[in-house]
Amino acid sequence: MELMFDTGNISQIKTYANVFPFSGVTTNPSILKKEGKVNIWDHLREIRNIIGPEKSLHVQVTTDRSDEIIKEAYKIVQQLGKETYIKIPVTIEGLQAIQFLKTEDFHITATAIYTMAQGDYAILAGADYIAPYFNRMENINIDAKAVIRHFSHVIQAFHKETKIVAASFKNMGQVMSAFECGAHSATVDPSLLADSLKMPAIQGAIDRFKEDWESVYGKGASFLNL
């Protein structure tokens, strides 16, 4: 079970890196657009420096022709290191690039997955991760849970090493559903993770503990001053 941060925002990553037990950071062109026209290589290198070498960094290609995808993959690892995961949408061109890059020992995250067929092709091509889009599937009346359960079954039944990193969430209920259906990982906007800890019921319980304690030991009392 893994959590990843689905963001390219330096401030967010710094804020939550020591809060949540995350295993990596995922980005795509739309996510990076939010950061403005930064020096993209410096920006991504800063993310790598913040998260350290033990966590994964997933960077998506910006082209859609297989030959250009392959060239971008080489450029990305040249700039950011061989351990970087190359995110490639599962299309005819993308699948061709995935198969070639796996023969060159690249780490691949197959993305933009809406269908069982897309994921199965990526698994067969040797992708390290497949990224089904949970909320986007639901928005077009595709059963996201059934899709993830299918991938989980295929991976187990055929002893594949591919991991499912579910993506595209609007609430934590969807995240939990993805895990329940067999996703190995979920990549989530850190602000959504933070919001999940801000329920009034949680704060209400904490306030009650404090009131009960102070009713016995006095206002402001804690183990530190007793």
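The values are calculated or read from the model by the stated rules, or taken from the named source; none is laboratory data. Because the structure is a prediction, the values reported are computed rather than measured. Backbone-built Cβ (ideal geometry, glycine too); neighbour counts: all protein chains shown.
In the set ALA97, ALA122, ALA167, ALA146, only one residue is more than 21 Å from LEU57 (Cβ to Cβ) and either in the same structural domain as PRO29 (by TED's automatic domain parsing) or crowded, with 24+ Cβ neighbours inside 10 Å (or both); that residue is ALA146.
Restrict the check to the range 6-15 and report whether at least one residue is assigned to a helix (DSSP H, G or I), closer than 25 Å to LEU192 by Cα and among the hydroxyl-bearing types (Ser, Thr, Tyr). Taking every residue of the range 6-15 in turn, at least one turns out to be assigned to a helix (DSSP H, G or I), closer than 25 Å to LEU192 by Cα and among the hydroxyl-bearing types (Ser, Thr, Tyr).
Residues that are in contact with a helix residue (DSSP H, G or I) (Cβ under 8 Å, 6 or more places away or on another chain), without any contact (Cβ under 8 Å) to a residue 60 or more places away in the chain and among the small types (Gly, Ala, Ser) occur at least once in the range 54-68. Residues in the range 56-110 that are of a type in the set (D, E, K, R) and under 12 Å from ALA125 (Cβ atoms): how many? Qualifying residue count for the region: 1. Condition test on ILE31, is it outside any loop (DSSP other than H, G, I, E, B), in contact with a helix residue (DSSP H, G or I) (Cβ under 9 Å, 6 or more places away or on another chain), at pLDDT 95 or above and in the same structural domain as MET172 (by TED's automatic domain parsing)? No: the conditions fail for ILE31. Considering only residues of the range 46-63 that are charged (D, E, K, R) and outside any loop (DSSP other than H, G, I, E, B), which is surrounded by the most Cβ atoms within 10 Å (Cβ to Cβ)? Looking at residues that are charged (D, E, K, R) and outside any loop (DSSP other than H, G, I, E, B), I get ARG48. So is VAL25 at pLDDT 95 or above, among the β-branched types (Val, Ile, Thr) and within 14 Å of ALA194 (Cα to Cα) or not? Spelling it out, it is not the case that VAL25 is at pLDDT 95 or above, among the β-branched types (Val, Ile, Thr) and within 14 Å of ALA194 (Cα to Cα). Highlighted here would be strands (runs of 3 or more DSSP E) found entirely within the range 92-200 that include at least 2 residues which are more than 28 Å from SER66 (Cβ to Cβ) and of a type in the set (S, T, N, Q), but there are none.
Pull up the range 211-226, narrow it to residues that are part of a helix (DSSP H, G or I) and of a type in the set (A, V, I, L, M, F, W, C), then point me to the one that is surrounded by the fewest Cβ atoms within 10 Å (Cβ to Cβ). Taking the candidates together, the pick is LEU224. Sub-6 Å Cβ pairs linking a first residue in the range 16-29 that is surrounded by fewer than 21 Cβ atoms within 10 Å (Cβ to Cβ) to a second residue that is assigned to a loop (DSSP other than H, G, I, E, B) and among the hydroxyl-bearing types (Ser, Thr, Tyr), at least 6 apart or interchain, are PRO29/THR62, ordered by first then second residue.
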